[in-house]
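What follows is a short report on a single structure.
The values are calculated or read from the model by the stated rules, or taken from the named source; none is laboratory data. The structure presented is a predicted model; accordingly, all values stated were derived computationally and were not measured. As a convention, Cβ positions derive from the backbone with ideal geometry for all residues, glycine included, and neighbour counts pool all protein chains shown.
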């Protein structure tokens, strides 16, 4: 049976290629050797794939659970802009801080929104601005469309990311103290100042006026009869 198949194969090679079976298999072996040499010279080696596979494995590792930071300042928030891979990647909107580590490709170093990381970028998101002057949480003076866009961003972050803290509001204590002192001094000055109407009004119930009134009174009836 095997001999019949071999004879049939030899006849088919001769009929379809015009070559003898020995010549056909020799050419086939040479073509395989050339392909092997070319693939080893110009093809990708395993060493090229090793760094990529390691990087891919690092990206696929599960992220640590978000750590609640509580209330921090804007300066402390800058420590989480993504330069340190051991720290979470944080970003704030309207004073609320969110962990955006799962979107490091967007907000991490080299990402399209990397300049927003570690900051309260409320104004920049509302205006879709990438200027440094807009990288702030101050949203005063924004129009209705910009506020609506900011609201959409906030809803997106609330639904996708975990809130881990808030930005501590800085209140200028010195200004409040000076204002309170000025108001207290003003009140004290008003209390000590006499009323103009009372100062100009003469005293009407003095002893001289009482004596004059008594002198003008008529004498009693008994004294008049005796006279």
Does segment 133-144 hold any residues that are outside any loop (DSSP other than H, G, I, E, B) and surrounded by 10 or more Cβ atoms within 10 Å (Cβ to Cβ), and which are they? 134
Every listed condition ((1) in contact with a helix residue (DSSP H, G or I) (Cβ under 9 Å, 6 or more places away or on another chain); (2) surrounded by fewer than 16 Cβ atoms within 10 Å (Cβ to Cβ)) holds for residue 169 save (1)
Just a yes or no: is a residue in segment 82-102 in a helix (DSSP H, G or I), touching a helix residue (DSSP H, G or I) at 6+ places or on another chain (Cβ under 7 Å) and surrounded by 16 or more Cβ atoms within 10 Å (Cβ to Cβ)? no
Go through (1) modelled with pLDDT of 85 or more; (2) loosely packed, with under 13 Cβ neighbours inside 10 Å for residue 25 and report which single condition fails. (1)
